[in-house]
Amino acid sequence: MTYEIPGAIEITPLFDSGAKINLFHAASGTSVEIYTFGATVTAWRARTGENSLFLSEKADLSGAQAIRGGIPIIFPQFGNGPLPAHGLARNRDWELVLSEMGPHLPTTVTLKLESNRKTLAIWPHKFLAEYTISLDETLRTELRITNTGDTDFSFQAALHSYFSIADIERVAISDLSTVTYIDKLAALEHKTENNSELRISSETDRVYLNSPNTILVRDETSGTGIAMEKSGFADAVVWNPWIEKSAGMKDLSADDFKKFVCVEAGQIDTPVTLAPGLNWIGIQELQRIDLQPRWGEI
Ligand code: TA6
């Protein structure tokens, strides 16, 4: 069965692994690129063609390892633990199972990942993960996890979004003031955010607990921003590797840290526990915001 819809959904089989899917939304002129590997959104382009997501030029797109950039899906484990770092969803091929578009509808695809012998060997729970990507003026990504087994399981999840920016030292993330965060660079110490506009000037790796569901990432160089609206994801991660951490990452160039900031919708501090047959949904909606003062508003 083909899921292609001319002018809206194009599918390019890839030699190494899976396929690349391109979505187009004619009315807004926006487009999205997705690799079925990890169901990773790697580009979200405005009508101008500019990609609001960062994708490393050294990203491995062969299916051999997780893609460095875009929106990797983190499930069932965030960070390090008994499973591989950030779990098993981002480095497996997902299957395209639905495509739709319409004159007043977002262009939408759904991909699924089901537990199998290999995943059960790593994480002994039967699950169905469904990831729906909808594009119009907004990029909406929805992760649904269903327990298809016969025992409860608990998991963490996140959408590890890499936002493209001009200069890391001219970015403001708001408003996380008064929110408690786990500082992963300070022995997981719990701290309180004091700044209404969080700025990055060194390696930063924080999990903001029960954060506001609306977060603005403002790029002062371009005068634009990305507004994130999340639901189902209680927490938000802010990460930038800065100079030294970047130097140790083969799939990042030395100065790439200046060109992205990760702000991630996540359910991390309190894992989700699902009984058999039940499901959980986490949603992230991204919108581009023009923050340039208009003439007469100055
Ligand atoms: O989300 C932040 C983080 O957990 C950092 O600690 C860093 O490890 C980053 O994810 C990237 O992880 P990765 O496994 O993709 O290199």
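Check segment 278-288 and report whether any residue there is surrounded by fewer than 21 Cβ atoms within 10 Å (Cβ to Cβ) and within 16 Å of the ligand (Cβ to nearest atom). Taking every residue of segment 278-288 in turn, none turns out to be surrounded by fewer than 21 Cβ atoms within 10 Å (Cβ to Cβ) and within 16 Å of the ligand (Cβ to nearest atom). If the condition is being within 14 Å of Glu264 (Cα to Cα) and more than 14 Å from the ligand (Cβ to nearest atom), then segment 42-66 contributes only Leu53. The set of residues in segment 235-267 being closer than 16 Å to Ser161 by Cβ, without any contact (Cβ under 8 Å) to a residue 40 or more places away in the chain and open to solvent by 10 Å² or more (accessible area, probe 1.4 Å) consists of Trp239 alone. Close contacts from segment 82-95, counting a first residue that is in contact (Cβ under 8 Å) with a residue 60 or more places away in the chain and a second that is within 10 Å of the ligand (Cβ to nearest atom) and open to solvent by 60 Å² or more (accessible area, probe 1.4 Å), with Cβ to Cβ under 9 Å and a gap of 6+ residues or different chains, come to His86/Asn80. Exactly one residue out of Glu50, Glu10, Glu4 is among the charged types (D, E, K, R) and closer than 24 Å to Glu114 by Cβ, and it is Glu4. Does segment 232-252 contain at least one residue that is more than 15 Å from the chain's Cα centre (by Cα) and away from the ligand (no atom under 16 Å from the Cβ)? No, segment 232-252 contains no residue that is more than 15 Å from the chain's Cα centre (by Cα) and away from the ligand (no atom under 16 Å from the Cβ).
The values are calculated or read from the model by the stated rules, or taken from the named source; none is laboratory data. Note that the structure is a prediction, hence the values are computed from the model and not measured. Note that we place each Cβ from the backbone using ideal geometry, even for glycine, and neighbour counts take in every protein chain shown. For accessibility, only protein heavy atoms count, side chains too; no ligands or nucleic acids. Shrake-Rupley method; radii C 1.70, N 1.55, O 1.52, S 1.80 Å.
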